[in-house]
Amino acid sequence: MWVGVLLAIITGILFSLIMGFLSITVKANQVIAGTALTILGTGLSAYLYRSIFGVQKLPPQIESFQAIKVPLLSDIPLFGPILFEHNILVYLTLILVVVTYIVLEKTTFGLKVRAVGEHPRAADSKGINVSLIRYLCVMIGGACAGLGGAFLSIGLMNTFLDQMVSGRGFIAVAVVIFARWNPYRALGAALLFGGANALQLKLQAIGVPVPHQLLLALPYILTVLVLISVSKKAEFPAAYTLPYSRAER
């Protein structure tokens, strides 16, 4: 399973390099490039799956990462099982939140990242390689996206299904905007959306007399409501999505 996680991360990095080439080197429109890569990734994954496993009535199942109980903490009534009985990938994600905050706020690299995002020309005048920093950031983002995909397939659902991501990547974008680029706030926002998804599953399980299609839409409805509420207060880096060229003044 760890080989699968590693391959997912590598695949995420490879796709991010394509995105980096299109948006940083070629300076293509990032929305168009990102949409095209999303379609490519969806189709390519389905093609490779069918090429390797064939068309099956039931998808193959695997034994996923087992839940790890944190001693003492998992015994806390109510909150213990909710917070402290997860597989290793969940705990790794929590560690990544702390590491991300430290890197962005306490290191030279984090300062360069923020400088390139806010004022790339000023960063360039100080000797910072703007393109390199942007490539590294896109690659790190791709690695994290690959890790997220690995969690869905071998850490949660124990199988692979077409369209299994179900738009969660776009919810991740909403999480970042809602969190205003702060890792800790992003964790809170992610828990909010994850809670909405868990709620709709629970409501379906107990047989609430509501069409299941509406329950499935609950996390996305919440996403729309959150984006509407924060749209006027959203804070973006000054150079967000803007390509940089030394030749332009």
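Derivation of every value follows stated rules applied to the coordinates shown; laboratory data play no part. Everything numeric in this text was worked out from a predicted model, so none of it was measured. We place every Cβ from the backbone using ideal geometry, glycine too, and count neighbours over all the protein chains shown.
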Inset, instruction - Working from Cα positions, state the angle (0 to 90°, nearest 10) between the long axis of helix 218-230 and the longest principal axis of the chain. - result: 30
Legend entry - Degrees separating the helix 168-179 axis from the principal Cα axis of the chain, which is the longest one: 60
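Applying a 10 Å radius around every beta-carbon, put 50-57, 75-82 in order of their mean neighbour count, most first.
On the way: 50-57: 8.0, 75-82: 10.9.
Order by mean packing, descending: 75-82, 50-57.
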Inset, instruction - Could you pull out every one of the aspartates and glutamates with an alpha carbon less than 13 Å from that of K69, ignoring same-chain neighbours closer than 8 positions? - result: E85
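Normalised by the residues of the chain, what does the relative contact order come to in percent, with Cα pairs under 8 Å and at least six apart? Mind dumping the intermediate values first?
Details: 221 pairs, mean separation 68.7, N = 249.
Value for the chain: 28 percent.
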Legend entry - Rounded tilt (10° steps) of 2-20 against the dominant C-alpha axis of the chain: 40
Legend entry - Within the chain, helix-based [θ] at 222 nm, where runs of 4 or more DSSP H residues each add -39,500 (n - 2.57), nearest 500: -20500 deg cm²/dmol
Legend entry - Stokes-Einstein D (µm²/s) once Rh is taken as the Kirkwood radius of region 169-249 over alpha-carbon pairs, at 25 °C in 0.890 mPa s: 168
Inset, instruction - Please tell me the relative contact order of region 58-205 in percent, rounded to the nearest whole number, where contacts are Cα pairs under 8 Å and at least six residues apart. - result: 24
Inset, instruction - Run through all the Cα pairs of region 102-175 and give the fraction in each 5 Å bin from 0, expressed as whole percent. - result: 3, 14, 18, 18, 14, 11, 10, 8, 4, 1
Inset, instruction - Considering the options L218, S64, A174, tell which one lies farthest towards the positive end of the dipole of the chain, charges being +1 on Lys and Arg and -1 on Asp and Glu at the Cβ, about the Cα centre. - result: A174
Inset, instruction - Could you work out how far the C-alpha centroid of region 199-233 sits from that of region 1-38, in angstrom? - result: 29
Legend entry - Cα point-scatterer Debye curve for the chain, base-10 log of I(q)/I(0) at q = 0.11, 0.14 Å⁻¹: -0.72, -1.16
